[in-house]
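The values are calculated or read from the model by the stated rules, or taken from the named source; none is laboratory data. As the structure is a computational prediction, the values presented were derived from the model and not from experiment. Cβ coordinates were reconstructed from backbone atoms using ideal geometry, including for glycine residues, and neighbour counts include every protein chain displayed. Ligands, DNA and RNA are stripped out before the accessible areas are found, and what is left, the full protein with its side chains, is counted by its heavy atoms. Shrake-Rupley method; radii C 1.70, N 1.55, O 1.52, S 1.80 Å.
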Amino acid sequence: MLDLAHRLAKLLEPWFLQHQRDLAWRRTRDPYAIWVSEIMLQQTRVDTVEQYYGKFLERFPDIGTLAAADESEVLAAWSGLGYYRRARLLHAGARHVATTHGGKVPDDPELLRQIPGVGRYTAGAIASIAFERPSALVDGNVARVLSRLQAIEDPKLQEAGAPGHWTMAQQIVQAGPPRVLAQALMELGATVCTPIGPRCEGCPVRSECQALAKGLQTTIPRPKQRAPSPATTCGRWRSAATAGCCSSSADTRGYWPGCGACRSSNARSPTAPGRRRERSQRSPG
């Protein structure tokens, strides 16, 4: 596995440097700005995040400004992105960093994971991209890439939380510049090794792909069974005190922050599924 990781790193680095998309959060080494982008990209399309990222940083240019802001100000700046729990956790995280770390984002992945709203993936992203720390990160895009490269057919071993994926990702980011390789894995899954119709002819690691060699690139990973859709009428949710999904004010479009049922009963949100290749495959954390 270690030899494979080194071969992949050698192929991914020049490909990413030549073919990466020009995204605003890739033009900075500021860990706070990278943190904001990673939280915005959870469950949200890249083109949507591009519309809000710069404006949010203009309003809250640093951790101190965000930490000192009222929650209502943060939610107002977040309005339109949906999934408002992310904004609340980002706000709480900024206050944690301000009080615990003097306003400086730590570079240690373990300390990063102690920040509210920062899980294993986000900690790895901040550590590797902002600080060049070799720290693994595996989201849905990366899991798909690694599953196909190794022709993993067991659905449980294809998931983003599978230990084997994290081991392989760690070995890859240790085999070269972590900032480049971490983003290369994500970029490959987002633009080439897509869920439907992977562009194998343009893949820099196709020579190492066991799924391609076996003709399994369109069947790995196995499609997930979707859970039943939430109720489309939210009144009964709102009346259940224990649910708490509608305990705060609705946003300007009439959506109740954090409530999936409200979103499903209104017009499509900017975070609704679009073209899969343009949508983040990142889960919260």
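Tabulated data for the structure shown
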quantity	calculated
Glu13 - accessible surface, heavy atoms, 1.4 Å probe, Å² rounded to 10	60
Spatial extent of region 93-220: Rg and Dmax, with the Cα atoms as the point set, Å	16.0, 53
Per-pair calculated FRET efficiency, R0 = 25 Å: Gln225 and Arg26 via Cβ, rounded to 0.05	0.10
Probe 1.4 Å, all protein chains present, accessible-area order of Asp30, Asp22, largest first	Asp22, Asp30
Kirkwood-based shape ratio for region 1-96, expressed as Rg/Rh from alpha carbons	1.09
Under-5 Å amide H pairs with Arg45, H placed in peptide plane, nonlocal only	Ser280
Two-site FRET efficiency, Lys214 against Gln51, from Cβ-Cβ distance with R₀ of 51 Å, rounded to 0.05	0.80
Amide hydrogen neighbours beyond the local backbone of Tyr83, cut-off 5 Å, H modeled	Gly258
Leu111 accessible area, assembled protein chains, probe 1.4 Å, Å²	60
Lys55 accessible area, 1.4 Å probe, all protein chains in place, Å² to nearest 10	140
In order through region 138-145: 3J(HN,Hα) via Karplus (6.51 cos²θ - 1.76 cosθ + 1.60), integer Hz, x for Gly, Pro	9, 10, x, 5, 5, 4, 5, 4
Charged-residue dipole, Cβ positions (Lys, Arg, Asp, Glu), region 107-200 about Cα centre, Debye nearest 20	180
